[in-house]
Amino acid sequence: MARHFDLVVIGAGQAASPLVEGLKEKGWSLAVIERSSPGGSCVNFGCTPTKAVLWATRVLYLARRAGDYGLTVTVEPPSLKAVLDKAREIVAESVSSLRKEFGDDPVLIEGEAKLVGREGENIRLQVGEEEISAGKVVINVGTRSILPPIEGLEGVPCITSENWIERDDLPRRLAILGGGYIAAEMGQFYARMGSEVTVIEKGKQLLVREDEEVGDAVCSVLEKEGVTLLYERKLTSVEKTPDGLKLRLGEETLDVDAIFIATGRQPNTKDLGLDSLGIETDKKGFIKVDPQSKTTADGVYAAGDVRGGAMFTHTAWDDGRVILTDLVGGERPSTDRVVPYAIFTDPQLGRVGLSEKEAKEKGIEHEVRNFDLTHNGIAHATRQTNGFVKVLVSPDDKILGATVLAPEGADLAQLFSVFVACGISASEFRKLLVTHPTWSEAAQSAIL
């Protein structure tokens, strides 16, 4: 006899928590199926550990700058293993805490889940040898790194966003393939730890989603810290050598000790049994959903990165709230939302709403207002003046979007997200009294 649950979540990633918590209060019987560790990519190898190690290298960077603050500090060469050990401790603490949320309801079922069809109004799933029945199912299985079809790459132990936390040996020469946020963050991390880092990008710009001068500003930060950036290069083959790896980039070659693959993400949907329920995907395998996160199969939802679009922990968590609202009511009727995000380089790049490039592409009339951190009090006092605030304002004085490069750029973008989401005008922001000296003053100064 198959165990039956009112709702089953496949994958214990970030969307599961708000959904399961809300439905538990309503008396639903619940199960979460997880093949690895609770928490998804964020807790196990993404947001949590990466920000832990990035903070470690920020401390290292500031220690090296001690003379700028009238201090004398002796800085020993850093140990990658010691830094990763601390990050792994944090991951273990987080996973342990998440496991305590499970018991009789919700039940944590460990194993690989597969959809196998319907029995009446219920959905059938297989987990190992056990068959499970559910009234509703939420697919929350996330994504994994794309390994591009490059000659010789399969035979190389590549570093990826999934396994970097397990690699204790610091490569003397590291190539990073790709020019997105992972390349920017991890490029700076490894460079500060002591690697000779080369980022290989097939296009003309890193961070192609951003305005050109914004991407250039981040690249300038990386280059000043010794990161080599190669543009318009295509990696055609990888060859093992006695000294490491030889990368062929057209007519050029590059000798390195390791390669980090950061060329995008693909959904974990291949062996999930989507066809058994008629669940449609796009050409890349991402599950098609409507604004309520419903798939094309009755009673089945998709949440988090597997549904494509913005792939962030906070959007996945919000997907859980949207599904909860669709099932029992709540405050999040759809995924039509303002999405702030950040790239956690140092300084951080935070953004929300429209960029200048996007506004022009959509034909949206706007005015651009800029403020350089060299004129900000706290930036001057702390010797952290490398950055800016860029704001787009509509003809009727609404804030359309903001980009912030600053030590606390992520939080400043979050501040602007309130204005964008609530339609607060620039003039209303100007009326606010802002504490001095703070980074928030820079946000306000951009629209004065």
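The values are calculated or read from the model by the stated rules, or taken from the named source; none is laboratory data. Bear in mind the structure is a predicted one, so any value in this text is a computation, not a measurement. A quick note on method: Cβ atoms are made from the backbone with ideal geometry, for glycine too, and the neighbour counts reach across all protein chains shown.
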List pairs: first in the stretch 274-290 and loosely packed, with under 12 Cβ neighbours inside 10 Å, second outside any loop (DSSP other than H, G, I, E, B), Cβ under 9 Å, 6+ apart or cross-chain? ASP275/LEU115
All positions within the stretch 391-437 that are part of a helix (DSSP H, G or I), in contact (Cβ under 8 Å) with a residue 60 or more places away in the chain and under 19 Å from HIS366 (Cβ atoms): ALA413, PHE416, SER417, VAL420, ALA421
Being touching a residue at least 60 places away in the same chain (Cβ under 8 Å) and closer than 21 Å to SER41 by Cα narrows VAL328, VAL322, VAL306 down to just VAL306
Out of the residues in the stretch 358-378 that are assigned to a helix (DSSP H, G or I) and more than 27 Å from the chain's Cα centre (by Cα), which is surrounded by the fewest Cβ atoms within 10 Å (Cβ to Cβ)? THR374
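Pick from LEU174, LEU147, LEU170: which is touching a helix residue (DSSP H, G or I) at 6+ places or on another chain (Cβ under 8 Å), over 25 Å from LEU62 (Cβ atoms), aliphatic (A, V, I, L, M) and in contact (Cβ under 8 Å) with a residue 60 or more places away in the chain? Quick ask: steps written out before the conclusion?
On the way: LEU174 fails: over 25 Å from LEU62 (Cβ atoms); LEU170 fails: over 25 Å from LEU62 (Cβ atoms).
Unique residue meeting the criteria: LEU147.
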Of the listed residues (LYS81, LYS51), the one being basic (Lys, Arg), in contact (Cβ under 8 Å) with a residue 24 or more places away in the chain, out of contact with any Phe, Trp or Tyr (no Cβ under 9 Å at 6 or more places or on another chain) and in the same structural domain as SER17 (by TED's automatic domain parsing) is LYS81
Which condition number in (1) at pLDDT below 95; (2) over 26 Å from the mean Cα position of the chain (by Cα); (3) of a type outside the set (Ser, Thr, Tyr) is the one that ALA134 fails? (1)
Result of the Cβ filter at 8 Å on the stretch 99-116, keeping first residues that are among the charged types (D, E, K, R) and partners that are in a strand (DSSP E or B) and surrounded by 14 or more Cβ atoms within 10 Å (Cβ to Cβ), at least 6 apart or interchain, is ARG99/LEU108; ASP105/LEU30; GLU110/ILE33; GLU110/GLU34; GLU112/VAL127; LYS114/LEU125; LYS114/GLN126; LYS114/VAL127
Only residues that are touching a residue at least 60 places away in the same chain (Cβ under 8 Å), closer than 21 Å to ALA191 by Cβ and not β-branched (Val, Ile, Thr): list them for the stretch 230-271, please. LEU235, GLY244, LEU245, LEU247, LEU254, ASP255, ASP257, ALA258, PHE260, ALA262
Considering only residues of the stretch 167-224 that are in contact with a Phe, Trp or Tyr (Cβ under 6 Å, 6 or more places away or on another chain) and part of a strand (DSSP E or B), which is nearest to MET311 (Cα to Cα)? ILE176
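Does LEU272 satisfy the condition of being out of contact with any helix residue (DSSP H, G or I) (no Cβ under 6 Å at 6 or more places or on another chain), of a type in the set (A, V, I, L, M) and either at pLDDT below 95 or farther than 26 Å from CYS47 by Cα (or both)? So that I can check it myself, show each step before the final result.
Numbers: out of contact with any helix residue (DSSP H, G or I) (no Cβ under 6 Å at 6 or more places or on another chain): yes; of a type in the set (A, V, I, L, M): yes; either at pLDDT below 95 or farther than 26 Å from CYS47 by Cα (or both): no.
It is false that LEU272 is out of contact with any helix residue (DSSP H, G or I) (no Cβ under 6 Å at 6 or more places or on another chain), of a type in the set (A, V, I, L, M) and either at pLDDT below 95 or farther than 26 Å from CYS47 by Cα (or both).
Within the stretch 57-77, how many residues turn out to be within 22 Å of PHE189 (Cβ to Cβ) and in a helix (DSSP H, G or I)?
The number of residues fulfilling the criteria is 10.
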